[in-house]
Amino acid sequence: MADLNDPARLAELHGAMLRTEADALLDACVARAAKLARAPIAFVSLVIRHIQLLRAHHGLPLELAVSCATSRSNSFCQLVVRDDVPLVVEDALRDQRVPKDLVESYGIRAYAGVPVRVRGYAIGSLCALDVVPRRFEPRVIHGLEELALDVAVRLSALVERDAPLGSADVQERLVRVEQATRALERALLALAPVIAAVQGATGTRPAPPVVHAASAMHATPANLRAAVGCWRDMGPVADELRDEAEAVASSAQTETTVRIAADARALAQSLAEIGPLVRLAEGVLDGTLGESAAAKGRALVLRGALEAHEAASAAVRQIRAGVERARAATGGATGGAAAP
């Protein structure tokens, strides 16, 4: 039985793998999976810390297609990754192994999922789902396993395509890491009040005192639009930070630089896990989703977004502290001179 929070497994989930724009090859794989299983729904899930990211999908309800995620704890795919074997559920109402949230919210009754493995780690699942109880023949499971190999190859190719090229002085890279970290820290502070307002509206738990102090921020359309734009701007910055941090760790392998790179990967993952909540807000703003559908989706991803925001905020603090240590160790200046 695998540890879902194994750092080595989570380290494989990074870069373009965690983006949500459509990919023709992944889309073709899930369409073939749905046809093979004669099921109305199929998707590729990536099981991260707090959510399962739906990297490619076919036949999803609109709010799930917009958010591209559900909570990890609500998912069937977590069991596929945890056990690293196929999972077949013939009637989810009667199967005690699986969470019941998706059954109750979307009527999911049958499921067949197989592991997607990258470098030996189960990072997610390729699965087919149905809204009626049913069996899945062995040939379907075998076919899904073959498609999962194609999915793994494509996900690895997406990451390799975006790998950083060339080299630069370690000190220059550390300066860029620090600048990107400061920019992300400011953006996370800007997002906090809007996330808290959504949290308060759904009655999940009281917002932290530091957020109450920013009472001028409310979840108005203007502020939600600003938050959506802020989050979208954060993605490229986080990718650049991760690439620079990994290049530093490759050039000067010390305990500090390796830790910086690990924190940068964790930060990029956390931002990806905030994304479902932001995409739901965007769906309401542009009229794609009604409020009731958005609320249904929020219930599945809000807690994960809150925890991811806290984790991202902690990661930027750790990266900044690590950069100061690394720059001092390599003879560079420390302090705030690197950032505007």
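For the chain, the longest principal axis of the Cα atoms and the long axis of helix 170-202 meet at an angle of about 50 degrees.
With a Förster radius of 25 Å applied to the C-beta separation of Ala16 and Asp233, the computed FRET efficiency comes to 0.90. Sorting Tyr106, Tyr121, Tyr111 on solvent-accessible area from highest to lowest, probe radius 1.4 Å, gives Tyr121, Tyr106, Tyr111.
Springs between Cα atoms under 10 Å define the GNM used for the chain, and in it the highest mean-square fluctuation of Leu289, Leu26, Leu174 occurs at Leu289.
At a 1.4 Å probe, what is the % contribution of carbon and sulfur to the accessible area of segment 6-119? Walk me through the numbers on the way to the answer.
Numbers: 2180 of 4320 Å².
Summing carbon and sulfur atoms, their accessible area is 50 percent of the total for segment 6-119.
Diagonalising the gyration tensor over the Cα atoms of segment 290-330 and scaling each eigenvalue by 5 before taking the square root yields semi-axes of 38, 7, 5 Å, largest first.
Please report the relative contact order for the chain, taking Cα pairs under 8 Å with a sequence separation of at least 6, and give it as a percent rounded to a whole number. Let's see the in-between values first.
Working: 567 pairs, mean separation 64.3, N = 340.
For the chain, the relative contact order is 19 percent.
Using just the alpha carbons, could you tell me how many Å³ per residue the convex hull of segment 220-340 encloses?
Numbers: hull volume 13.2 nm³, N = 121.
Once divided by residue count, the hull of segment 220-340 is 109 Å³.
The ellipsoid that matches the Cα gyration tensor of segment 31-142 has semi-axes, each √(5λ) in whole angstrom, of 18, 16, 14, with the longest given first.
The stretch between Ser292 and Leu62 holds 81.6 nm of extra length on full extension. This uses 0.36 nm per residue minus the Cα-Cα distance.
Within segment 247-290, the percentage of alpha carbon pairs spaced more than 16 angstrom apart rounds to 55%.
Give the relative contact order (percent, whole number) for segment 224-340; include only Cα pairs under 8 Å separated by 6+ residues.
Numbers: 97 pairs, mean separation 34.5, N = 117.
Relative contact order here is 29 percent.
At R0 = 30 Å, how high is the FRET efficiency between Arg186 and Asp3 if r is their beta carbon distance? Nearest 0.05 is fine.
On the way: r = 34 Å, r/R0 = 1.13.
Calculated value: 0.35.
Maximal additional length on extending the Val132-Glu90 stretch stands at 14.2 nm, based on 0.36 nm per residue less the C-alpha distance. With angles folded into 0 to 90 degrees, how steeply does helix 221-251 sit against the dominant principal axis of the chain? Use alpha carbons for both and round to 10. Between helix and principal axis, roughly 70 degrees. The orientation-averaged shadow of the Cα convex hull for the chain, equal to a quarter of the hull surface, comes to 17.5 nm².
Highest first, please rank the peptides 140-151, 292-303 by the mean number of other Cβ atoms sitting within 10 Å of their residues.
292-303, 140-151
Near Ala56, the amide H atoms lying under 5 Å from its own belong to Val44; only residues 5 or more places off or on other chains count, and H is placed 1.01 Å from N. Placing a label point 7 Å from the Cα of Glu172 along the Cα-to-Cβ direction, the residues of segment 248-270 whose backbone N falls under 17 Å from that point are 248-252.
Label point of Glu104 set 7 angstrom out along Cα-Cβ; within segment 35-75, amide nitrogens under 14 Å from it belong to 74-75. A helix-only calculation puts the chain at -20000 deg cm²/dmol for mean residue ellipticity at 222 nm, using -39500 (n - 2.57) for each DSSP H run of at least four residues, averaged over all residues.
The values are calculated or read from the model by the stated rules, or taken from the named source; none is laboratory data. Given the structure is predicted, the values throughout are model-derived calculations rather than measurements. As a convention, Cβ positions derive from the backbone with ideal geometry for all residues, glycine included, and neighbour counts pool all protein chains shown. Side chains are part of the model used for accessible areas, which takes the heavy atoms of the whole protein and leaves out ligands, DNA and RNA. Shrake-Rupley method; radii C 1.70, N 1.55, O 1.52, S 1.80 Å.
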